[in-house]
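Can you keep this structure in mind? I'll have questions shortly.
The values are calculated or read from the model by the stated rules, or taken from the named source; none is laboratory data. None of the values given here were measured: they were computed from a predicted structure. Cβ coordinates were reconstructed from backbone atoms using ideal geometry, including for glycine residues, and neighbour counts include every protein chain displayed. Side chains are part of the model used for accessible areas, which takes the heavy atoms of the whole protein and leaves out ligands, DNA and RNA. Shrake-Rupley method; radii C 1.70, N 1.55, O 1.52, S 1.80 Å.
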Amino acid sequence: MTTAETLRSATEDDVASALDGAYVSLPLADPAAALEFFNRMVDLLLGEDAGTGE
């Protein structure tokens, strides 16, 4: 599965998992919150070390 397919296959449960323990919550109020949510989704779906070579 490509990276794009992995990200597009995210479910509501994935969103809930990404937000669990985050300092942001829905609705996202500002760009910083949106970026935090995006980064948590990438970490969840691709792994925290995705793209770092680790």
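Quick check: pseudo-label points 7 Å beyond the Cα along Cα→Cβ at Ala29 and Thr3, how many nm apart are they?
About 3.2 nm, to one decimal.
Of [x] 4.2; [y] 6.8; [z] 3.7, which one was derived for mean projected area of the Cα convex hull in nm² from the structure shown?
[x]
Report, in degrees rounded to the nearest 10, the 0 to 90 angle that the Cα long axis of helix 31-46 makes with the longest principal axis of the chain.
The two axes meet at around 30 degrees.
Under the definition of Cα pairs under 8 Å and six or more residues apart, what whole-number percent is the relative contact order of the chain?
Relative contact order, the chain: 42 percent.
With every protein chain present, what is the per residue accessible area of the chain (1.4 Å probe, Å²)? Don't skip to the end; give the middle numbers.
Details: 4050 Å² over 54 residues.
Per residue, the chain has 75 Å² of solvent-accessible surface.
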